[in-house]
Amino acid sequence: MCEGFRGLFASSYVALCASFSAMGGLLFGYDQGVVSVILVMPQFLDRFSRVSDTASGAGFWKGLLTAMIELGALIGALNQGWIADKISRKYSIAVAVCIFILGSALQTGAVDYAMLVVARLIGGVGIGMLSMVAPLYISEIAPPEIRGALLVLEEFSIVTGIVIAFWITYGTQYISSEWAWRAPFLIQIAPGLILGLGVFLLPFSPRWLVSKGRDKEALATLAKLRRLPESDKRVEQEWFDIRAEVVFQREILVERHPKLQDRSRTSRIKLEILSWADCFRPGCWRRTHVGVGLMFFQQFVGINALIYYSPTLFQTMGQGHSMQLILSGVLNIAQLVGVATSLWTMDRFGRRPLLLWGSVFMTISHVIIAALVGQFSNNWPAHTGPGWTSVAFLFVYMVSFGASWGPVPWAMPAEVFPSSLRAKGVALSTCSNWLNNFIIGLITPPLVVNTGFGAYVFFAVFCALSFVWTFFFVPETNGRSLEQMDHVFKDHTTEAEEQRKLRIERDIVGGKDVPAQA
């Protein structure tokens with residue numbers, strides 16, 4: 001089978017399913033892009049004067065409005081773990097879309113600051129659910145040869161949404177009425193409706209089907225996804241591997257919690273709670289560390305600070321209002337170009353090299369920008385050369401991020417967790433993204449206002465730390481199936497565990513009835 005980007009054409013049905021499910025990322029990105037321009041619209045500031053620059057505490061209220069969607073997303077991502085396990089990956093997407101549409105409708109009709117904040121919280125819940133389940137679903141339907149390229153689609157959709165939203169709001173700002181900012185909120189309902197209705201045409205995740213004991217249905221779905229007959233040896237082997245992994249994880253769960261296997265309501269609730277704790281126990285804690293850590297650094301290298309407040313940052317570089325907005329839009333396009341390269345490089349070079357090189361280029365960019373802003377910001381009109389040099393390195397940063405720390409943190413958490421804990425592990429990782437996104441949204445306005453070039457120094461430090469952390473803690477997952485991650489993380493260290501898994505595989509291949517459903 002072809003690898004990477006070329007493999008997308010060889011596995012067109014899987015690529016189509018993955019692309020459609022990744023539309024949730026488009027909704028997330030669109031909302032990010034909308035806010036960056038709306039926050040400086042006079043029509044918006046007339047209605048919500050609390051966030052205007054002349055208002056007392058405007059920095060805090062602006063930060064709260066921006067960060068509220070991240071808080072909602074944190075709640076959504078945390079709950080999507082058990083929802084995706086309970087009702088399936090694809091049906092949980094439909095639930096998320098309904099919540100998102102409700103939030104979008106309320107944002108469109110907001111009449112005061114409190115209503116807008118609550119509406120963004122509700123919309124954020126839907127976005128958080130979508131951001132968690134899309135990579136999870138994609139990883140479970142994708143063959144290992146192109147899994148990286150398919151998982152890049154999530155980040156590609158996010159950045160595409162940012163670009164679309166930015167240029168829509170750039171156009172609507174010339175509407176004299178409040179529809180200048182209400183229209184962009186209303187428009188985002190359309191892709192939500194398309195995703196919500198179309199999701200019912202997607203196949204179930206074969207790994208979710210096996211976890212529910214629907215083995216024959218899983219085989220049929222797997223064959224459909226691979227465009228091969230059910231009798232094909234490659235399909236059968238993948239089916240056997242999935243079933244063996246599910247049964248193995250089921251046996252581990254029984255050993256860890258033997259007193260909670262009577263399937264009573266109380267036991268199921270306790271088991272659900274304890275299974276979250278299992279993500280931090282031996283056999284999984286290294287994976288949780290990697291998933292949560294990737295999402296932490298993705299935010300603290302400064303990307304969303306640039307997306308949300310890029311006009312303000314360009315102002316600190318001496319650019320006029322019109323040029324601030326234009327450069328902000330082009331900046332998002334630069335990120336999209338970077339993400340597009342990872343469709344090819346993710347499976348070609350692997351996840352780890354992209355992270356390391358991305359950290360290097362982002363650190364260099366932040367350091368140079370900090371030096372130029374610190375030295376020349378007091379009189380930009382007299383130093384236009386350094387001003388444009390700062391802008392240039394901001395573009396270098398965006399391309400570097402888009403090619404590395406943009407897509408990889410969305411891809412790896414969906415790959416590394418065992419089947420029984422994958423939904424919860426991805427939920428924890430996504431929660432890390434939204435929690436840190438929330439923090440960045442709150443601290444960036446006062447950081448930029450009060451420290452100037454210090455904001456770039458702050459993010460440069462975390463870019464450098466991301467290199468060190470990746471070097472010591474992040475393994476390479478490229479080309480490995482989801483069922484081979486035990487070997488990548490060296491979690492099954494005892495010979496007895498290896499023998500048990502081999503025994504399960506032999507039983508399944510031999511046709512022995514091995515129950516998998518929890």
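The values are calculated or read from the model by the stated rules, or taken from the named source; none is laboratory data. It should be emphasised that the depicted structure is a prediction, and the values quoted were computed from it without experimental measurement. Note that each Cβ is placed from the backbone with ideal geometry, even for glycine, and that neighbours are counted across all protein chains shown. For the accessible areas, the whole protein counts, side chains as well, though only heavy atoms, and no ligand, DNA or RNA atoms are used. Shrake-Rupley method; radii C 1.70, N 1.55, O 1.52, S 1.80 Å.
Observations
- Residue count for the stretch 47-97 under the criterion of being in a helix (DSSP H, G or I), small (Gly, Ala, Ser) and farther than 9 Å from Gly128 by Cα: the result is 9.
- Thr384 vs. criteria of a type in the set (Val, Ile, Thr) and farther than 25 Å from Asn433 by Cα: yes
- In the stretch 441-482, the residues that are more than 24 Å from Gly358 (Cβ to Cβ) and out of contact with any Lys or Arg (no Cβ under 9 Å at 6 or more places or on another chain): Leu442, Pro446, Val449, Asn450, Thr451, Gly452
Condition check ((1) among the hydroxyl-bearing types (Ser, Thr, Tyr); (2) at pLDDT below 85) across all residues:
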| residue | (1), (2) |
| --- | --- |
| Gly126 | no, no |
| Val133 | no, no |
| Ser139 | yes, no |
| Pro143 | no, no |
| Ile146 | no, yes |
| Leu153 | no, no |
| Ile175 | no, no |
| Glu178 | no, no |
| Gln188 | no, no |
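- All of (1) under 21 Å from Leu222 (Cα atoms); (2) surrounded by fewer than 24 Cβ atoms within 10 Å (Cβ to Cβ) hold for Leu151 with one exception: (2).
- Sole residue being β-branched (Val, Ile, Thr), touching a helix residue (DSSP H, G or I) at 6+ places or on another chain (Cβ under 9 Å), open to solvent by 30 Å² or more (accessible area, probe 1.4 Å) and in contact (Cβ under 8 Å) with a residue 40 or more places away in the chain, chosen from Val468, Val416, Val449, Val461: Val449
- Those residues of the stretch 37-46 which are within 21 Å of Asn304 (Cα to Cα) and part of a helix (DSSP H, G or I), in sequence order: Val37, Ile38
- Pairs linking a residue in the stretch 430-443 that is modelled with pLDDT of 80 or more to a residue that is open to solvent by less than 50 Å² (accessible area, probe 1.4 Å) and of a type in the set (S, T, N, Q), with Cβ atoms under 7 Å and 6 or more positions apart or on different chains, are Thr430/Ser131; Asn433/Gln298; Asn433/Gln299; Asn436/Gln299; Asn437/Gln299; Asn437/Asn304; Ile440/Gln299; Ile440/Asn304.
- When the stretch 334-381 is filtered for residues that are among the β-branched types (Val, Ile, Thr) and modelled with pLDDT of 90 or more, the ones remaining, listed by number, are Val337, Val339, Thr341, Val360, Thr363, Ile364, Val367, Ile368.
- Residues in the stretch 260-292 that are β-branched (Val, Ile, Thr) and surrounded by fewer than 19 Cβ atoms within 10 Å (Cβ to Cβ) were compared, and the one that is nearest to Ala423 (Cα to Cα) is Ile273.
- Just one of the listed residues (Ala223, Ala165, Ala218) is touching an Asp or Glu at 6+ places or on another chain (Cβ under 8 Å), over 30 Å from Val399 (Cα atoms) and open to solvent by less than 20 Å² (accessible area, probe 1.4 Å), namely Ala223.
- Assessment of the stretch 238-251 against the conditions (open to solvent by less than 70 Å² (accessible area, probe 1.4 Å), under 22 Å from Arg207 (Cα atoms) and without any contact (Cβ under 8 Å) to a residue 24 or more places away in the chain) yields no matching residue.
- The conditions of being polar (S, T, N, Q) and farther than 29 Å from Gly291 by Cβ are met by Ser390.
- The helices (runs of 4 or more DSSP H) falling completely within the stretch 135-212 that include 1 or more residues that are among the acidic types (Asp, Glu) and in contact (Cβ under 8 Å) with a residue 60 or more places away in the chain map to 147-172.
- Considering each residue of the stretch 314-333 in turn, at least one proves to be more than 23 Å from Val35 (Cβ to Cβ) and either open to solvent by 10 Å² or more (accessible area, probe 1.4 Å) or assigned to a helix (DSSP H, G or I) (or both).
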